[in-house]
Amino acid sequence: MLSIKNVRKEYGDHLILDIHHLQFENGLFWIKGANGSGKSTLLKIISGMIPFEGDVTIDGVGLKKQPTDYRRLVNYVEAEPLFPTYLTGNDLILFFSSTRKAKKEEVEALIQKFNIEPFIKNPIGTYSSGMVKKLSLVLAFIGKPKYILLDEPLVTIDKESVPILYDLVKLYFNRGVNFIFTSHQAFELADIAVKELEVKDHTVWVL
Amino acid sequence: MGAVVRVLNKVLVKKFYERNVGLLFFVFFLMFGVVESNQLINYHRSLIYGILTSPVFLAGVMGVWLLYSGKYLQLVLSELAEPHNQFLKDYSRLTKRQQFWPMLLSIVMVDQPVLLYSIFIVGVGAFSQQYVAVFFILVFHSVKLMTCTWIVLSRINSLHERRATKLLPAIQWPWRRYFPFFYLGHFTNHLPLALLFTKIFSFFAIIGFMQITTDHYEIRTALMGLLFGLMAHSVFIFESRRLEETYLTFVRGLPISMIKRFLFLGLFYGVLLIPELVLLAINHIVWFDLLIITLFAVFYLVYQHTRLFRGSLTIDAHTTFTFGLFLISFMLVLFKLYWLEAIALSALGFYQYKRDYYNFEATA
């Protein structure tokens, strides 16, 4: 279970989030909210990408007290990921695999699933934005996370890749992985209930 | 035109000076700091007469001026390839004449140190009737400024083609890149000329100081030269931190322990300093001293890197700190306490890295 307690985040004097208590049980969670409401900030806080006041834990493992162990439990993909243009997709996949101790067969299956093999050994600077997004989605599934956080996963990927993403979400969900995502489009997942939340007035509301 | 000039100054000119403040300071020191103040005028008068009367000397100086322009062009062309500067595509909507003069002005602004010294040379040349040399200098600068302007404008006008132009070809790495090499890739791909310049200065500084003859084995001369070389690397420390906050943000979310992250940094700076360390090794520095020097040099850079996780990431503060650390280190080297500094910098570096790494947040 992912637990958020007394989390407060400000940018300068501007309050973004002030969450007293929030828990994510197992499942798929769709975070909604207006532009600038704090959806991406919430995901960045949960993934440990930005500093904040308060505490976040997953099954008792604290983000601040056990930063390395906690990061093993969460994978996060930005809405518009930026990677060094001179690196290849392969460089990044191997780096992520080694830090997250992923099995080679598992990573190869992900590469095949998203069909990124034809360009994986080329520098990222030659990729289109859709190719970069596919690469980032492959990176999101590497390792053994408890939660995968996807910020606008449907943006910039082609329509052929959407069902592939849905299949993977289902597959990993059945293996016990939970998902928290933001999206302006609905996730059309048959058989799996998606719990909806909204970021509004600096906090998170269950819909 | 005023608004265009302001944008060009902010995007290109200011960035050039920010990135090269360490190097410019070093050159300024070489030109005006190494000679006693009462000898300064005579020193520069001799230097200028040498330039005016010897065609070989003049050609050499022009070569250095060309390298300086090349350094600027390298930076501008790599900056124009950055996504955040794509708005400059709109510059191509101006007429050729409207494009030319603001760009020429921005290039003159960058060339200021060279042009100012050239004005003195031309003045002395005209006074001493060295008209041929003066003519060549004037033609050289005119052609150089026009050519630089033309190159940058051509690049801006082809921005919509999504083609990256580089002055030096990027070094292609055919094998897998391990994490510490992610940083080096940035330098070899985006700042190859700056890297080349820094290494040349570093080598000159080490070799220059090692020319000081002593009647016994003396490690301090090499260390003093190395210190100048390390100071010239300050721009790469800053660039590495900038890289971390732009293209390597994902690393923060990965399960890597603090000690491992710190060792990665040490490995990266160790690899960056291999040329200097090889130069010292072939100059008969005994292996134990070389080991201490390696630790000193690596943690000297690592410490400055870890310090950039505190406060805002600005070049001004970094430069001031770099200069302060240089002065302290120079004194410690004089008193043979560099080994103590190596230990202190590694311990303090790790402490502040552990304290600040997850708490840093880049501000706009």
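Read-outs throughout are calculated quantities, based only on the coordinates presented, and are distinct from any laboratory measurement. Every value quoted in this text rests on a predicted model; they were computed, and no experiment measured them. Cβ placement follows ideal geometry from the backbone for every residue including glycine, while neighbour counts extend to all protein chains displayed.
For chain B, taking Cα atoms only, Rg and Dmax work out to 22.4, 70 Å respectively. The length gained by stretching the chain between B:Ser312 and B:Leu30 to full extension, at 0.36 nm per residue less their Cα-Cα distance, is 98.4 nm. Distances between every pair of Cα atoms in the range B:274-323, grouped in 10 Å steps from 0 to the bin holding the largest one, split as 22, 38, 25, 14, 1 percent. Under the simplified labelling scheme, the B:Glu218-A:Ser129 pair shows an inter-label distance of 6.2 nm, with each label point 7 Å from Cα along Cα→Cβ. The mean count of C-beta atoms from other chains within 10 Å of the C-beta of residues in B:253-264, rounded to a whole number, is 5. The largest-to-smallest principal axis extents of the Cα set in the range A:24-147 are 43, 34, 26 Å. Note: the range B:268-364, Cα convex hull, 108 Å³ per residue.
Taking the Cα atoms of the range B:116-265, the ratio Rg/Rh between the radius of gyration and the Kirkwood radius comes to 1.11. When only Cα pairs below 8 angstrom with a gap of at least 6 residues are kept, the range B:180-359 shows a relative contact order of 27 percent. As a length-normalised measure over Cα pairs under 8 Å and 6 or more apart, the relative contact order of the range A:2-206 settles at 30 percent.
Using only the C-alpha atoms of the range B:180-359, find the volume of their convex hull and express it per residue in Å³. Mind dumping the intermediate values first?
Details: hull volume 20.1 nm³, N = 180.
Dividing the Cα hull volume of the range B:180-359 by its residues yields 112 Å³.
Note on the range B:217-284: Rg/Rh from C-alpha atoms, Kirkwood Rh, equals 1.09. In the range B:35-99, taking the dipole from charged Cβ atoms about the Cα centre, the farthest positive-side position among B:Ser54, B:Ile41, B:Leu80 is held by B:Leu80. I need the Debye-formula profile for the range B:2-161: one equal scatterer per C-alpha, no solvent, reported as log10 I(q)/I(0) at q = 0.13, 0.16, 0.19 1/Å, two decimals. Scattering profile of the range B:2-161, log10 relative to I(0): -0.70, -0.95, -1.19.
Computed from point charges on the beta carbon alone (+1 for Lys and Arg, -1 for Asp and Glu), the dipole magnitude for the range A:85-207 about its Cα centre is near 480 Debye. Global size of chain A: 16.7, 48 Å for Rg and Dmax (C-alpha atoms, Rg to one decimal, Dmax whole). Derived value for the range B:49-121: Kirkwood hydrodynamic radius 14.5 Å. Basis is the mean of 1/r over every pair of different alpha-carbon atoms.
Separation of the alpha carbons by more than 23 angstrom is noted, of B:Lys199/B:Lys354; A:Lys5/A:Lys103; A:Lys134/A:Lys195; A:Lys103/A:Lys170; A:Lys5/A:Lys44, for B:Lys199/B:Lys354; A:Lys5/A:Lys103; A:Lys134/A:Lys195. Once both labels are positioned 7 Å from their Cα atoms along Cα-to-Cβ, the gap between A:Val162 and B:Ile207 label points is 6.4 nm. Summed over all non-identical Cα pairs, the Kirkwood treatment of the range A:15-62 gives a radius of 12.1 Å. In summary, the protein assembly as shown shows an alpha-carbon radius of gyration equal to 1.12 times the 2.2 N^0.38 Å reference for compact globular proteins.
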